[in-house]
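The values are calculated or read from the model by the stated rules, or taken from the named source; none is laboratory data. Predicted model, so just to flag it, every value in this text is computed and none were measured. Note that each Cβ is placed from the backbone with ideal geometry, even for glycine, and that neighbours are counted across all protein chains shown. Surface accessibility is based on the protein's heavy atoms, side chains included, excluding ligands, DNA and RNA. Shrake-Rupley method; radii C 1.70, N 1.55, O 1.52, S 1.80 Å.
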Amino acid sequence: MKSYFSVLFTGAWSLILGLKVTIKALFSPIVTYQYPREKLEVTPNYRGHIDLVKFADTGTHKCISCGSCMRDCPSDCIVVEGEKREGVKGKVLTIFTLDFTKCSLCGACVEVCPTKALDYSNDYELAGFAREEFYYDLLKRVEERE
């Protein structure tokens, strides 16, 4: 008989503790976002996919098309091509693509870039229905940005 009442008391006590937690959460402030309606603020240390950095004064990218990011990428997801043009010093970037389906977000490309032309983007809504939606033309993206 004693065992029956101790089990009954233990169960009632755990119910009271559980209700205490529930009531405390009921009256505490809301900490969740209603995601599609409310957008999240991205912290400065967020690491999305890579993006080309632009010069503030000219609005052009900083890439010199050396290819060090492409060579250092362990996932082999970056393609960089440049060409030598008449009257221009150095190579001119013609193709800079990222296959985000293969990217492991290791950051090796950002670290190895000699001109600091690569940085992480703040895009966090990275969902899609087709694989082609994750192939980024970073040269085109930098031209579209203001």
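Taking the conditions exactly as written (assigned to a strand (DSSP E or B), of a type in the set (D, E, K, R) and open to solvent by 50 Å² or more (accessible area, probe 1.4 Å)), does residue 143 satisfy them or not? Here the answer is no, as residue 143 does not meet what is asked. Scan the range 121-140 and tell me whether some residue there is touching a strand residue (DSSP E or B) at 6+ places or on another chain (Cβ under 9 Å), open to solvent by less than 60 Å² (accessible area, probe 1.4 Å), within 15 Å of residue 49 (Cα to Cα) and in a loop (DSSP other than H, G, I, E, B). Scanning the range 121-140, I find at least one residue that is touching a strand residue (DSSP E or B) at 6+ places or on another chain (Cβ under 9 Å), open to solvent by less than 60 Å² (accessible area, probe 1.4 Å), within 15 Å of residue 49 (Cα to Cα) and in a loop (DSSP other than H, G, I, E, B), so the answer is yes.
Note on the range 55-106: residues that are over 14 Å from residue 117 (Cβ atoms) and β-branched (Val, Ile, Thr) amount to 6. If I filter the range 8-20 down to residues being open to solvent by less than 100 Å² (accessible area, probe 1.4 Å) and of a type in the set (A, V, I, L, M), which single residue comes out as farthest from residue 73 (Cα to Cα)? Ranking the candidates gives 8 first. Among the residues of the range 65-94, the ones that are part of a loop (DSSP other than H, G, I, E, B) and more than 24 Å from the chain's Cα centre (by Cα) come to 7 in all. Taking the listed residues 54, 91, 62, the one that is open to solvent by 70 Å² or more (accessible area, probe 1.4 Å) and of a type outside the set (Val, Ile, Thr) is 91, with no other qualifying. The residues listed here are 44, 29; of these, the one that is under 19 Å from the mean Cα position of the chain (by Cα) and either open to solvent by 70 Å² or more (accessible area, probe 1.4 Å) or hydroxyl-bearing (Ser, Thr, Tyr) (or both) is 44.
Name every residue in the range 104-120 that is touching a helix residue (DSSP H, G or I) at 6+ places or on another chain (Cβ under 9 Å) and either surrounded by 13 or more Cβ atoms within 10 Å (Cβ to Cβ) or β-branched (Val, Ile, Thr) (or both), in order of residue number. Listed by number, the residues that qualify are 108, 109, 110, 112, 113, 117, 118, 119, 120.
Go through the range 104-120 and give me each residue that's part of a loop (DSSP other than H, G, I, E, B) and farther than 20 Å from residue 46 by Cβ. Across the range 104-120, the qualifying residues are 114, 115. Could you tell me whether residue 129 is within 23 Å of residue 43 (Cα to Cα) and not hydroxyl-bearing (Ser, Thr, Tyr)? No: the conditions fail for residue 129.
Among the β-branched types (Val, Ile, Thr) and touching a residue at least 40 places away in the same chain (Cβ under 8 Å) - does that describe any residue in the range 62-71? Yes, there is a match, as at least one residue in the range 62-71 is among the β-branched types (Val, Ile, Thr) and touching a residue at least 40 places away in the same chain (Cβ under 8 Å). Among the residues of the range 70-80, is there at least one that is under 30 Å from residue 35 (Cβ atoms) and either surrounded by 17 or more Cβ atoms within 10 Å (Cβ to Cβ) or of a type in the set (Ser, Thr, Tyr) (or both)? Yes, there is a match, as at least one residue in the range 70-80 is under 30 Å from residue 35 (Cβ atoms) and either surrounded by 17 or more Cβ atoms within 10 Å (Cβ to Cβ) or of a type in the set (Ser, Thr, Tyr) (or both).
Could you pull out the residue among 101, 32, 58, 97 that is outside any helix (DSSP H, G or I), closer than 19 Å to residue 124 by Cβ and out of contact with any helix residue (DSSP H, G or I) (no Cβ under 6 Å at 6 or more places or on another chain)? Within the list 101, 32, 58, 97, the selection yields 32.
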